[in-house]
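For reference, the structure discussed in these notes is given below.
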Amino acid sequence: MRRIVTTLLLTAALAAGPALPAAAHKVVAGAYAAGDQIEGEVGFSDGSMANNALVEVLAEDGSKIGETHTNPEGVFTFTPTRSIVHIFRVDLGGGHVAEVRLDVADLPAALRAPAAASAPTGPATTPAAPSAAVADRPPTPAQQAAFASALRDELRPLRREIIALKEKNDLQSVLGGIGYIVGLFGLWFFLAARRQMRKAGGH
Amino acid sequence: MHIVDGALSPPVLIGGAALAVAGIGIGLRRMPMEKIPAAGVLSATFFVASLVHVPVGPSSVHLILNGLAGLVLGWAAFPALFVALLLQAVFFGFGGLTVLGVNTVDIALPAVTVGMLCRAGIVRSSPRGAAIWGALGGGLAIALTSVCVALALALSGEAFIPAAKLVLVAHIPVMLIEAAITGAAVYLAQRVKPELFTAFGASTEHG
């Protein structure tokens with residue numbers, strides 16, 4: 001008997017050991033504006049990135065706008081040309097599909113303004129509107145671009161961490177799920193018992 | 001092992017949902033009342049098992065333990081695993097709500113099959129023999145699940161052979177580990193509570 005218990009404990013320990021860095025086998029993807037491009041990342045939630053995966057860029061109605069590939073770090077870039085919702089779809093095979101939706105408000109600044117069909121030619125020369133509201137000497141576009149790119153570099157690890165954090169399963173959800181299971185099966189048990197008692201009472 | 005939203009074509013999703021509803025219906029009707037707590041425990045086991053990750057090369061796969069559920073529950077594995085899958089989709093984002101039917105069938109149908117094939121062997125044998133049958137069932141359930149997943153992907157347009165290879169190869173370690181765990185669990189159950197397998201088999205035959 002004691003041997004069984006030790007075997008079971010050993011099995012449990014073996015099973016639980018690798019579980020500690022609880023990484024799900026699931027595709028994660030993110031996309032965000034970077035300068036006049038859209039940059040995104042694709043990988044598995046256990047940290048491995050998608051190498052040279054095809055990323056399809058779709059419009060909201062499902063029509064294809066374009067496509068791009070990820071580099072070995074799982075990063076892809078796409079240069080949007082239209083001010084519409086972009087949907088990035090990656091199929092890593094074996095049922096691993098991810099979709100990222102980028103609304104118009106999240107597009108690069110040049111495309112962020114509401115798409116006015118009447119004025120596609122005019123605003124090309126004026127830089128993005130938000131800069132006008134700043135102080136007496138607004139930074140030059142070159143400076144702005146440099147700031148933006150530096151900021152992006154600083155924020156990239158943070159973004160990665162947030163993506164990873166979203167995939168984390170904490171103890172609360174595990175316990176909550178078990179609680180739901182107990183409750184549902186308790187309810188089922190209750191209903192079955194009531195039915196049986198009614199049947200017994202009827203006879 | 002969970003197929004995610006958007007990977008399958010609508011006919012496959014609808015077909016999977018219909019099959020899952022049928023299986024859940026059979027499971028609910030065949031369930032004797034005194035087995036409901038056991039179904040709950042196995043449902044919770046399955047729910048948590050998906051968080052136990054086994055590293056394979058650069059990636060990782062997680063435990064499934066559907067074979068054990070099938071061995072103990074038979075058809076009742078359908079409702080038990082469905083509930084667990086639903087909660088996994090809601091809490092962990094594994095799979096998704098539209099693919100719930102397909103995932104339920106992919107995981108519960110092998111469980112039921114294994115229950116039918118291996119339970120008789122477990123009931124008949126000594127604890128040691130039962131452990132071997134249990135291990136066989138645990139491994140077989142994963143193999144069948146891999147085939148089901150590959151089939152669902154193939155029906156949605158992905159080439160069957162590469163998809164099956166990918167899924168099956170990734171799950172060979174899981175198969176081995178699950179065989180060991182299921183074997184150990186069956187051995188223990190057969191030693192301390194052999195009626196876990198027999199009582200249920202008998203009561204299903206009554207309806």
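The values are calculated or read from the model by the stated rules, or taken from the named source; none is laboratory data. On a predicted model such as this, the values are computed, not experimentally measured, just so you know. Neighbour counts are summed over all protein chains in view; Cβ atoms, including those assigned to glycine, are modelled from backbone coordinates with ideal geometry.
Values as computed for the structure displayed
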item: Residue list for region A:152-181, filter: among the aromatic types (Phe, Trp, Tyr) and not in a helix (DSSP H, G or I); result: none
item: Selection status of A:Val182, at pLDDT below 75 and not assigned by TED's automatic domain parsing to the domain that holds A:Val57; result: no
item: A:Arg101, sole failed condition from (1) more than 30 Å from A:Pro141 (Cα to Cα); (2) within 14 Å of another protein chain (Cβ to nearest Cβ); (3) surrounded by fewer than 17 Cβ atoms within 10 Å (Cβ to Cβ); (4) modelled with pLDDT of 65 or more; result: (1)
item: Residue that is of a type in the set (Gly, Ala, Ser), out of contact with any Asp or Glu (no Cβ under 6 Å at 6 or more places or on another chain), at positive phi and not in a helix (DSSP H, G or I), where the choices are B:Gly95, B:Gly74; result: B:Gly95
item: Residue satisfying condition, being among the β-branched types (Val, Ile, Thr), more than 20 Å from B:Gly134 (Cβ to Cβ), assigned to a helix (DSSP H, G or I) and within 12 Å of chain A (Cβ to nearest Cβ), within set B:Val41, B:Val12, B:Val61, B:Val21; result: B:Val12
item: Strands (runs of 3 or more DSSP E) completely within region A:29-76 that count 2 or more residues being closer than 25 Å to A:Lys168 by Cβ; result: A:37-44
item: Any hit, region B:95-106, residues being of a type in the set (D, E, K, R) and within 24 Å of A:Val97 (Cα to Cα); result: yes
item: Residue list for region A:128-146, restricted to those being farther than 20 Å from A:Ala34 by Cβ and either at pLDDT 80 or above or among the basic types (Lys, Arg) (or both); result: A:Arg137
item: Test result for B:Val83, modelled with pLDDT of 90 or more, under 23 Å from B:Val4 (Cα atoms), touching a helix residue (DSSP H, G or I) at 6+ places or on another chain (Cβ under 8 Å) and facing chain A (nearest Cβ under 10 Å); result: yes
item: Filter result (surrounded by fewer than 20 Cβ atoms within 10 Å (Cβ to Cβ) and within 18 Å of B:Gly70 (Cβ to Cβ)) within region B:144-174; result: B:Val147
item: Residue under evaluation A:Asp36, criteria (1) surrounded by fewer than 18 Cβ atoms within 10 Å (Cβ to Cβ); (2) farther than 26 Å from A:Ala150 by Cα, criterion not met; result: (2)
item: Residues satisfying the stated conditions in region B:86-125, i.e. of a type outside the set (A, V, I, L, M, F, W, C), more than 14 Å from chain A (Cβ to nearest Cβ) and over 11 Å from the mean Cα position of the chain (by Cα); result: B:Gly101, B:Arg119, B:Gly121, B:Arg124, B:Ser125
item: Sole residue being modelled with pLDDT under 85, closer than 14 Å to B:Asn103 by Cβ and among the β-branched types (Val, Ile, Thr), chosen from B:Val56, B:Val52, B:Val4, B:Val12; result: B:Val4
item: Of the criteria (1) hydrophobic (A, V, I, L, M, F, W, C); (2) more than 9 Å from chain A (Cβ to nearest Cβ); (3) closer than 29 Å to B:Gly183 by Cβ, which one B:Phe47 fails; result: (2)
item: Selection count where residues are among the basic types (Lys, Arg) and either touching a residue at least 12 places away in the same chain (Cβ under 8 Å) or under 22 Å from B:Leu85 (Cα atoms) (or both), scope region A:180-203; result: 0
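For every residue, the table says whether it meets (1) in contact (Cβ under 8 Å) with a residue 40 or more places away in the chain; (2) aromatic (Phe, Trp, Tyr); (3) facing chain A (nearest Cβ under 10 Å); (4) assigned to a helix (DSSP H, G or I).
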residue	(1), (2), (3), (4)
B:Ala154	no, no, no, yes
B:Ala164	no, no, yes, yes
B:Val174	yes, no, no, yes
B:Tyr187	yes, yes, yes, yes
B:Gln190	yes, no, no, yes
